[in-house]
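Asker: There's a structure below that I have some questions on.
The values are calculated or read from the model by the stated rules, or taken from the named source; none is laboratory data. Because the structure is a prediction, the values reported are computed rather than measured. Here the Cβ positions follow ideal geometry from the backbone for every residue, glycine too, while neighbour counts run over all protein chains shown.
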Amino acid sequence: MTDYFNPYINNNRRTLTLMEMSVEGEKITRNHGLIVAKVGTQMAVELGCTTTFTRALYQGLFFHDIGKNYLPLSLLMKPDKLTYQERELIKEHCMLGFIEGSKSLQEYPGHFTHYEQQLMLTVILTHHERWDGTGYPMGIKGEEITLASRICSYCDVLEALTSGRSYKSISTIVDAIRIITEDSPGQFDPSLKDVFLASIEKLGFPHCVCTGCT
């Protein structure tokens, strides 16, 4: 599969630096954006999406959690259960990422097309929306949520479940698939389930190349 992001790495150092800061602060999740992007673009390939969409999708998925850069590291790494106030603060990463990502893109015009910028920012803002409307930050539902963010939802949860975190153990791929496809009613677009399953099988997840990223 084509690595859609590579042509942009050396041309947009400010944005990449922000992303590096957001994931390097939480060392245990430093590959999160890359893995989400790899799985998500495979889903786009399975869906037969255009190259233009797939390129922009990769970028949006890679940067989706950039807002975590603006949250306290102690909060992101907290090993204990979060309080209500802490959970609400974590939710701010979507809006923070949208605001700061917008500023960063404006500082470096010409590196991304208008379409790519809009898709990237939409994914950053809405990747925690849920199919049933109970997500955040806007509580939109169904096809009100852009396809890119509906794809991100699958890949984001998959990577989070199968990776170590300070506050949880690692789930097996079998358990992760069960949680996503059976135990989380209302969270995911059901029409994408078979595409998601076909994509991770084709990639050989979790033993695909993305888990070897450093």
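Asker: Report whether or not ASP132 is of a type in the set (Asp, Glu), surrounded by 15 or more Cβ atoms within 10 Å (Cβ to Cβ), touching a residue at least 40 places away in the same chain (Cβ under 8 Å) and under 27 Å from PRO190 (Cβ atoms).
Answerer: No, not satisfied.
Asker: With the condition kept exactly as written, say whether any residue in the range 68-91 is within 28 Å of THR51 (Cα to Cα) and either polar (S, T, N, Q) or surrounded by 15 or more Cβ atoms within 10 Å (Cβ to Cβ) (or both).
Answerer: No, that holds for no residue.
Asker: Please find, among PHE62, PHE98, PHE112, the residue that is surrounded by 13 or more Cβ atoms within 10 Å (Cβ to Cβ), under 28 Å from PHE205 (Cβ atoms), within 18 Å of the chain's Cα centre (by Cα) and not acidic (Asp, Glu).
Answerer: It is PHE62.
Asker: Moving on to the next point. Do you know which residues across the range 50-66 are hydrophobic (A, V, I, L, M, F, W, C) and touching a residue at least 60 places away in the same chain (Cβ under 8 Å)?
Answerer: PHE53, ALA56, LEU57, LEU61, PHE63
Asker: Within the range 103-145, how many residues turn out to be modelled with pLDDT of 90 or more and within 22 Å of ASN69 (Cα to Cα)?
Answerer: 18
Residue-wise test of (1) at pLDDT below 90; (2) crowded, with 17+ Cβ neighbours inside 10 Å.
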| site | (1), (2) |
| --- | --- |
| CYS155 | no, yes |
| ALA176 | no, yes |
| ASP183 | yes, no |
| LEU192 | no, yes |
| LYS202 | no, no |
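Asker: Now, a different point. Picking from LEU119, LEU75, LEU96, which residue would you name as being hydrophobic (A, V, I, L, M, F, W, C), free of Cβ contacts under 8 Å to residues at least 40 places away in the same chain and farther than 26 Å from ILE170 by Cβ?
Answerer: Going through LEU119, LEU75, LEU96 in turn, just one is hydrophobic (A, V, I, L, M, F, W, C), free of Cβ contacts under 8 Å to residues at least 40 places away in the same chain and farther than 26 Å from ILE170 by Cβ: LEU96.
Yes/no matrix, rows are residues, columns are (1) out of contact with any helix residue (DSSP H, G or I) (no Cβ under 8 Å at 6 or more places or on another chain); (2) over 23 Å from THR54 (Cα atoms):
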site: HIS111; (1), (2): no, no
site: HIS114; (1), (2): yes, no
site: MET120; (1), (2): no, no
site: GLY133; (1), (2): no, yes
site: MET138; (1), (2): no, yes
site: CYS155; (1), (2): no, no
site: ILE179; (1), (2): no, yes
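Asker: How many residues, within the range 37-59, are within 21 Å of GLN118 (Cβ to Cβ), crowded, with 19+ Cβ neighbours inside 10 Å and not charged (D, E, K, R)?
Answerer: 10
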